[in-house]
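To start, the structure under review is shown below, and the notes come after it.
The values are calculated or read from the model by the stated rules, or taken from the named source; none is laboratory data. What you are looking at is a predicted structure, and each value in this text was computed from that prediction instead of being measured. Here the Cβ is made from the backbone with ideal geometry for all residues, glycine too, and neighbour counts use every protein chain on show.
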Amino acid sequence: MLSHFGYEGFAKHTEYVSQYYRQKRDVFEAAMTKHLAGLVEWSTPVSGMFIWFKLKLRPTATSPEGDSAALIRERAVAKGVLALPGTAFFPNGQTSAYVRAAFSLLEPKDVDEAIRRLALVIKEYNAEGEQM
């Protein structure tokens, strides 16, 4: 790329890409704040194209913090929300309340709708535990 752009062109391109993903991240985080406040915990990513966040789920028999796998793979996907459960990133496959989602792919209106749907899934899941 350096031979194609030259140093100044590469630096300019890098700044453009950085700004582009910063805007995408900010849109995603604004939707999280709007729809997921109190339902998840996260730190603002400073690089990359993904956000790693912890769902505040009811405990399960195998995980006191809850398990995001079934919630994401079954319930969220059924509502048209695609993310990866945290267990996919642990070498031993341990249960996890964490989720990784890409913020680089969707348009702003789609981000807001996806995060709204995820919030609904989390609320429904946790409410089921209250009825037990």
Q) Hey, among the residues in the range 51-68 that are among the aliphatic types (A, V, I, L, M) and closer than 22 Å to A31 by Cα, which one's surrounded by the most Cβ atoms within 10 Å (Cβ to Cβ)? A) L55
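Inside the range 11-28, can you point out the residues that are free of Cβ contacts under 8 Å to residues at least 40 places away in the same chain and either of a type outside the set (V, I, T) or surrounded by 12 or more Cβ atoms within 10 Å (Cβ to Cβ) (or both)?
At the first step, the residues of the range 11-28 found to be free of Cβ contacts under 8 Å to residues at least 40 places away in the same chain are 11-20, 22-23, 26.
Those that are free of Cβ contacts under 8 Å to residues at least 40 places away in the same chain and either of a type outside the set (V, I, T) or surrounded by 12 or more Cβ atoms within 10 Å (Cβ to Cβ) (or both): A11, K12, H13, T14, E15, Y16, S18, Q19, Y20, R22, Q23, D26.
Residues that are among the aliphatic types (A, V, I, L, M), more than 20 Å from Y125 (Cα to Cα) and either surrounded by 12 or more Cβ atoms within 10 Å (Cβ to Cβ) or at pLDDT below 95 (or both): does the range 82-98 have at least one? Quick ask: steps written out before the conclusion?
So the first thing to find is which residues in the range 82-98 are among the aliphatic types (A, V, I, L, M), and the list is 82-84, 88, 97.
Cutting the leftovers down to more than 20 Å from Y125 (Cα to Cα) gives us 88.
Adding the requirement that they be either surrounded by 12 or more Cβ atoms within 10 Å (Cβ to Cβ) or at pLDDT below 95 (or both) leaves 88.
Scanning the range 82-98 turns up at least one residue that is among the aliphatic types (A, V, I, L, M), more than 20 Å from Y125 (Cα to Cα) and either surrounded by 12 or more Cβ atoms within 10 Å (Cβ to Cβ) or at pLDDT below 95 (or both).
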Q.
Tell me whether the range 43-65 contains one or more residues that are charged (D, E, K, R), free of Cβ contacts under 8 Å to residues at least 60 places away in the same chain and out of contact with any helix residue (DSSP H, G or I) (no Cβ under 6 Å at 6 or more places or on another chain).
A. yes
